[in-house]
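In what follows, a single structure is set out as C-alpha cells and then discussed.
The values are calculated or read from the model by the stated rules, or taken from the named source; none is laboratory data. Treat the numbers as computed from the prediction; the structure is a model and nothing was measured. Reconstructed Cβ throughout: ideal geometry from the backbone, glycine too, with neighbour counts over all protein chains shown.
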Amino acid sequence: MKKIIGTIILILSFLINKNVFSDEFSRIISFNSWSEKNNYIYRIGCDEEKLRNIFCYDSKDKNPLWLNKDANLKVKFYKNRWSLPEKSSPNFDTLFYYFYKYNFSHLVYDRGTYNWKRYEIEPNNKFYKFEKKLSEDNNVKKEMNKTALLSYLFYEDDKIVVDELSPKDRFGDFVNNDTKLRSMSMGKTMVSYVMGHAICEGYIDSVDSRLNDWPLVKNTLYEDQKLIDLLNMSAGDQKYVNRSNFKDGSEIDTRLMSNLMFKMRGLKKSGKSYNYNNIPPKLLLNYISFKVGDNYENLLKEIFQKKVKIKESVYFFKNYQGTKEYGILDDMFFATRYDYLRIAKAILDDWQNDTCVGKYLKTIYENRISKIGFKQARDRGDSFHGTKSYAGFFHTDYLGMKNRKVMGMSGYGGNEIIIDFERSRILVIHSIHQNYNWKKIARSAIKKGIN
C-alpha cells in the first residue's frame, strides 16, 4: 500500500512540476516499450541518486531522464524542441532515441495520444526491380562508420552503383530495406510531384491557376495567389511566418489547415521573395484534395502504386481530427530507402521522356526563384543551404554546378534526394542528424559521378 501511495505521489508531483517535459515523458515510456518489444537491450534512464520526482536530471544541463532500473542509454534532451538542434553534437545514445522518435513514435504514441492517421498507398506486386553494378566508395564507408548516416544509395546510368546501410555497430541493427523512413522536408517535394499529376489529370489548370475557388483560404493572405508563388515559397508571407513558426512564436504544426488559415485572415502579402516555411506544402496538398475530391486516394495510387511501382506501402500523415473540408492532410511522408529511389527514378524518367509531368517539372524549373536575400548561411552542408534558387519545392542551382539541370530535396537531419537530369544520376541519403561531410559524399558525387 505504501508503495502504491508513493507512486501516486511521484506521479502527482510530476504532473505539478512545470519544468518537466510531459510529451517527452510519454515518448520515453513508449521508447522503452518499443525497444523491449523488438528485443533490443536499450532502455532510457539514469542513476538512482540523481532521482528527482519521476525524472532525474543531468547535473550540468538539467535535462530530464526517465528512471528505469534496466537503463543503459544516456540521452540528452533539448528543452522546447521536438527535433535535434542543427548545431548539436549528440552522442550515439541520443541519436538512437531520436531515430526512434522520428521514424516510429507516431506509430506508438505522440503528442499525448495515438493520433496519427495516414493516407497509405499499398505496394505494387510487380514492383520496379533495380539493376546493380556495385562498387565501394571509401568516403561513404568512412562517414557511415562515424556519423548519423542511415542509408546511402547512388544511382547512375540505370543502375545502383553504391548501396550502403549503417554498419551493425552503428544503426545497422535497427534499419533495413523494409524500414519506412521519415521524409522530413523532402515531403514538400512529394507534394509538388502530386501537384504535377493533379494538373496533368485535369483537376487543376496550371501552375498559374489562382487560389480563388477554395473557401478555406477566403479573406486570408493566400486568397487569389498563383500556385507557382506558393510552390516557390514566394507568397509574400515573410512578415508572419518563418520556417516552422509564426512570427508570434507559435509553431506551424500539424493542426487543421483551417486553424492555420484563421491566423492568416485579414493579412496582406508583402513583396514576392523567397520565404521557406511549412505552410505552403500543407496548404497545397489540401488544395489538391479539395480539387480532386473523392478521387484523391485513387490519384495517389496512380502515382505511387501504378507509376512508381513501389515495393512497400508509402504514406502521408493526416490529422486525426476534423474532416477533409477543414484541411486534415499533412506533407510528412514515409517510404523505404528503395522506394524513395523508385520515386526519384520516376521523376527522372518524367523529365527525360518529356511526359506531361515532365513538362510540369520543366515549367517549375524555368520559373525558379532566387534565394538571394534569404537569411540563411550559404553552403553549410546540404541542398537547403548549398543552392542558389528554388523551384516548386525543389532546391536548384547547386553551388559549383553552374548551368546544370539538377534538382534536389532536402529534409531536416541531412535527408537528401538529388537528381541530375542530364547525367542520369540520383542520390538518396537518409540520416538522423546532419553531421556527415555533405560536400564530399553528396555534392561531389552528383557533380563528378562515382569513379
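Out of Glu136, Glu86, report the one residue that is in the same structural domain as Ile41 (by TED's automatic domain parsing) and part of a loop (DSSP other than H, G, I, E, B).
Glu86
Picking from Asp208, Asp178, which residue would you name as being assigned by TED's automatic domain parsing to the domain that holds Leu284, closer than 26 Å to Ile347 by Cβ and surrounded by fewer than 20 Cβ atoms within 10 Å (Cβ to Cβ)?
Exactly one residue qualifies, and that residue is Asp208.
Results for (1) at pLDDT 55 or above; (2) surrounded by 11 or more Cβ atoms within 10 Å (Cβ to Cβ); (3) not assigned by TED's automatic domain parsing to the domain that holds Asp253, shown as yes or no for each residue.
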{"site": "Lys37", "(1), (2), (3)": "yes, no, yes"}
{"site": "Ile44", "(1), (2), (3)": "yes, yes, yes"}
{"site": "Ile54", "(1), (2), (3)": "no, yes, yes"}
{"site": "Lys60", "(1), (2), (3)": "no, no, yes"}
{"site": "Asn68", "(1), (2), (3)": "yes, yes, yes"}
{"site": "Leu73", "(1), (2), (3)": "yes, yes, yes"}
{"site": "Arg81", "(1), (2), (3)": "yes, yes, yes"}
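Of the residues Ser431, Ser410, which is in contact with a helix residue (DSSP H, G or I) (Cβ under 8 Å, 6 or more places away or on another chain) and touching a residue at least 40 places away in the same chain (Cβ under 8 Å)?
So the residue among Ser431, Ser410 that is in contact with a helix residue (DSSP H, G or I) (Cβ under 8 Å, 6 or more places away or on another chain) and touching a residue at least 40 places away in the same chain (Cβ under 8 Å) is Ser410.
This table checks each residue for (1) over 30 Å from Thr94 (Cβ atoms); (2) surrounded by 17 or more Cβ atoms within 10 Å (Cβ to Cβ).
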{"residue": "Arg342", "(1), (2)": "yes, yes"}
{"residue": "Asn353", "(1), (2)": "yes, no"}
{"residue": "Tyr360", "(1), (2)": "yes, yes"}
{"residue": "His385", "(1), (2)": "no, yes"}
{"residue": "Gly392", "(1), (2)": "yes, yes"}
{"residue": "Arg404", "(1), (2)": "yes, no"}
{"residue": "Leu427", "(1), (2)": "no, yes"}
{"residue": "Ser431", "(1), (2)": "no, yes"}
{"residue": "Trp438", "(1), (2)": "no, yes"}
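So which residues in region 272-287 are over 16 Å from Met332 (Cβ atoms) and assigned to a helix (DSSP H, G or I), if there are any at all?
The one that is over 16 Å from Met332 (Cβ atoms) and assigned to a helix (DSSP H, G or I): Tyr287.
Here is a check on your reading of the model: is Ile310 of a type in the set (A, V, I, L, M), buried (at least 19 other Cβ atoms within 10 Å of the Cβ) and not in a helix (DSSP H, G or I)?
Yes; evaluated as a whole, the condition is true for this residue.
Could you check region 314-346 and list, in sequence order, the residues that are modelled with pLDDT of 95 or more, over 18 Å from Phe394 (Cβ atoms) and hydroxyl-bearing (Ser, Thr, Tyr)?
Tyr315, Thr336, Tyr338
Listed residues Phe290, Phe317; which is under 26 Å from Phe127 (Cβ atoms), in contact (Cβ under 8 Å) with a residue 60 or more places away in the chain and not in a loop (DSSP other than H, G, I, E, B)?
Result of the check over Phe290, Phe317: Phe317.
Within region 245-257, how many residues are surrounded by 16 or more Cβ atoms within 10 Å (Cβ to Cβ) and either of a type outside the set (Lys, Arg) or not assigned by TED's automatic domain parsing to the domain that holds Ile204 (or both)?
Summing the residues that are surrounded by 16 or more Cβ atoms within 10 Å (Cβ to Cβ) and either of a type outside the set (Lys, Arg) or not assigned by TED's automatic domain parsing to the domain that holds Ile204 (or both) in region 245-257 gives 5.
Please determine whether any residue of region 225-243 is surrounded by 22 or more Cβ atoms within 10 Å (Cβ to Cβ), in contact with a strand residue (DSSP E or B) (Cβ under 7 Å, 6 or more places away or on another chain), β-branched (Val, Ile, Thr) and without any contact (Cβ under 8 Å) to a residue 40 or more places away in the chain.
Checking region 225-243: at least one residue is surrounded by 22 or more Cβ atoms within 10 Å (Cβ to Cβ), in contact with a strand residue (DSSP E or B) (Cβ under 7 Å, 6 or more places away or on another chain), β-branched (Val, Ile, Thr) and without any contact (Cβ under 8 Å) to a residue 40 or more places away in the chain.
Would you confirm whether or not region 95-117 contains a residue that is surrounded by fewer than 16 Cβ atoms within 10 Å (Cβ to Cβ) and modelled with pLDDT of 90 or more?
Checking region 95-117: not a single residue is surrounded by fewer than 16 Cβ atoms within 10 Å (Cβ to Cβ) and modelled with pLDDT of 90 or more.
For region 227-256, what are the residues that are modelled with pLDDT of 90 or more and not charged (D, E, K, R)?
Selection gives Leu227, Ile228, Leu230, Leu231, Asn232, Met233, Ser234, Ala235, Gly236, Gln238, Tyr240, Val241.
Looking at (1) surrounded by fewer than 17 Cβ atoms within 10 Å (Cβ to Cβ); (2) free of Cβ contacts under 8 Å to residues at least 24 places away in the same chain; (3) not aromatic (Phe, Trp, Tyr), find the lone condition where Leu267 falls short.
(2)
For region 212-224, what are the residues that are in a loop (DSSP other than H, G, I, E, B) and surrounded by fewer than 22 Cβ atoms within 10 Å (Cβ to Cβ)?
Result: Asn212, Asp213, Trp214, Lys218, Asn219, Glu223, Asp224.
Mind listing just one residue for me: the one in region 325-340 that is crowded, with 16+ Cβ neighbours inside 10 Å and of a type in the set (D, E, K, R) and, of those, nearest to Ile199 (Cα to Cα)?
Taking the candidates together, the pick is Asp331.
For region 248-274, enumerate the residues that are farther than 22 Å from Gln321 by Cα and under 22 Å from the mean Cα position of the chain (by Cα).
Of everything in region 248-274, those that are farther than 22 Å from Gln321 by Cα and under 22 Å from the mean Cα position of the chain (by Cα) turn out to be Gly249, Tyr274.
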